[in-house]
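S.K.: Sharing a structure below in structure tokens format, with a few things to ask.
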Amino acid sequence: MSHRLMLLDTASLYFRAFYGVPDTIRRADGTPVNAVRGLLDMIARLTTDYEATHLIACWDDDWRPQWRVDLIPSYKSHRVAEVVAGAPDIEVVPDALETQIPMIRRVLELAGIAVVGATEHEADDVVGTYASQAGLPVDVVTGDRDLFQVVSDDRGVRVIYTARGMKNLEVVTDAVIVGKYRVLPEQYADYAILRGDTSDGLPGVAGIGEKTAASLLGEYGTLAMLLEAATDPGSGLSASVRSKLAAATDYLEVAPTVVNVVRDLSLPTLEEAGAQLDPVAGDSRAELERLASEWNLGGSVKRLLEALDRRD
């Protein structure tokens with residue numbers, strides 16, 4: 001089997017699991033385990049169907065880094081439950097999901113699945129770094145379009161897009177992005193900056209929508225080259241677009257830093273992280289099987305173990 005790395009946008013998946021599996025599924029003490037069950041089933045299916053040999057659960061050590069908020073205060077602001085002076089913002093995470101996150105971490109650890117985060121960075125930045133540096137084919141599993149920017153046929157990087165549910169997964173390649181948005185994957189971040197993205201609190205440039213953003217990038221290539229053309233009287237750019245870009249100067253100066261995923265984090269190598277998928281044996285397997293019973297995880301642990309056993 002040729003090597004293939006799978007990168008999970010983990011929070012995206014456990015949120016989907018939480019809302020997709022009934023929260024009536026609980027441990028004997030009443031603690032819900034629907035997100036744990038759902039995530040394990042996702043991992044079992046995804047690693048099997050897409051023949052992953054290596055897997056990293058990319059983690060949000062900081063889901064809304066202050067350095068991004070400092071540049072664009074509206075960044076993910078709609079997801080903030082409360083703001084406490086001198087304390088980090090708190091994402092809107094239902095209590096019934098919050099209690100399951102330590103369980104998710106424990107089960108992943110016992111299954112030998114690498115979990116990697118980075119201080120003051122989002123999971124997207126971990127994904128961006130591994131996708132850019134892994135040196136082997138990569139499948140990024142996410143429900144967020146902002147990671148379309150890492151897609152690259154040349155480097156063998158695809159996105160397994162979960163927005164329409166696990167029964168309607170979409171494999172996103174260069175051609176899919178061009179077909180949907182009329183931009184190349186490497187232009188997607190600039191496209192999002194121009195047209196805005198309400199899911200991340202990006203205001204965009206007033207008066208520039210999807211079609212105009214795609215058209216401008218098709219003509220000028222990059223946001224930087226478009227802004228250069230806007231200051232060149234002989235560029236042929238319309239007065240209307242020049243005016244719209246000028247009105248958004250402050251935003252356009254900082255947005256690329258916020259929107260582009262970081263690709264050069266200092267992270268463990270695949271070997272150091274323990275990314276290779278192997279059967280679970282010994283005490284770890286026994287503990288997983290015990291927790292499957294104690295935590296009422298049903299067949300999800302069994303299915304995960306079977307998926308990992310295929311790597312033997």
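S.K.: In whole percent, what relative contact order does the stretch 185-259 give with Cα contacts below 8 Å and a gap of six or more residues? Spell out each step's value before the answer.
M.R.: Working: 58 pairs, mean separation 24.3, N = 75.
So the answer I get is 32 percent.
S.K.: On a straight-distance basis, which aspartates and glutamates could pair with K167 in a cross-link, Cα separation under 19 angstrom, same-chain partners fewer than 8 positions away excluded?
M.R.: Excluding near neighbours in sequence, the set is D9, D41, D49, E51, D139, D144.
S.K.: Then there's this: Select from the stretch 95-145 those GluC sites (Glu not before Pro) which occupy a DSSP coil region and have at most 16 other Cβ atoms within 10 Å, ordered by residue number.
M.R.: Working: sites: E98, E109, E120, E122; in loops: E120, E122.
Those satisfying the criteria are E120.
S.K.: If the cut-off is a Cα-Cα distance under 16 Å, which aspartates and glutamates reach K244, setting aside same-chain residues fewer than 8 apart in sequence?
M.R.: Straight-line reach from K244, under 16 Å: D190, E210, E228, D232, E253.
S.K.: Please work out the Cα center distance from the stretch 140-208 to the stretch 222-245, rounded to the nearest Å.
M.R.: 25
S.K.: Follow-up. Could you list H3, H121 so that the one with the fewest beta carbons within 10 Å of its beta carbon is first and the one with the most is last?
M.R.: Values: H3 14, H121 23.
By the 10 Å Cβ count, ascending: H3, H121.
S.K.: Which values, in whole Å and largest first, are the semi-axes of the equivalent ellipsoid of the stretch 185-259 obtained as the square root of 5 times each eigenvalue of the Cα gyration tensor? Intermediate results must be reported in sequence, preceding the final value.
M.R.: Details: eigenvalues 69, 33, 26 Å².
That gives 19, 13, 11 Å for the three semi-axes.
S.K.: Kirkwood Rh, the chain, all Cα pairs: how many Å?
M.R.: Working: mean 1/r = 0.0480 Å⁻¹.
Taking the inverse mean of 1/r over all distinct Cα pairs, the chain comes out at 20.8 Å.
S.K.: Round to the nearest 0.05 the FRET efficiency obtained for S238 and A286 when R0 = 51 Å and r is the Cβ-Cβ distance.
M.R.: Details: r = 69 Å, r/R0 = 1.35.
Once rounded, the FRET efficiency stands at 0.15.
S.K.: Neighbouring Cβ atoms within 10 Å as the yardstick, rank S199, S132 fewest first.
M.R.: Values: S199 13, S132 18.
Ordered by Cβ neighbours within 10 Å, fewest first: S199, S132.
S.K.: Just rank D200, D232, fewest to most, by other beta-carbon atoms within 10 angstrom. Spell out each step's value before the answer.
M.R.: Numbers: D200 21, D232 11.
Listed from fewest to most nearby Cβ atoms, that is D232, D200.
S.K.: While we're looking at this one, here's another question. Any lysines with Cα under 16 Å of the K180 Cα? List them, leaving off those in the same chain fewer than 8 positions away.
M.R.: Hits, sequence-local ones excluded: K211.
Bear in mind these aren't lab numbers, they're just calculated from the coordinates by the rules spelled out. Source: prediction; values computed, not measured. Glycine also receives a Cβ, built like all others from the backbone with ideal geometry; neighbour counts cover every protein chain displayed.
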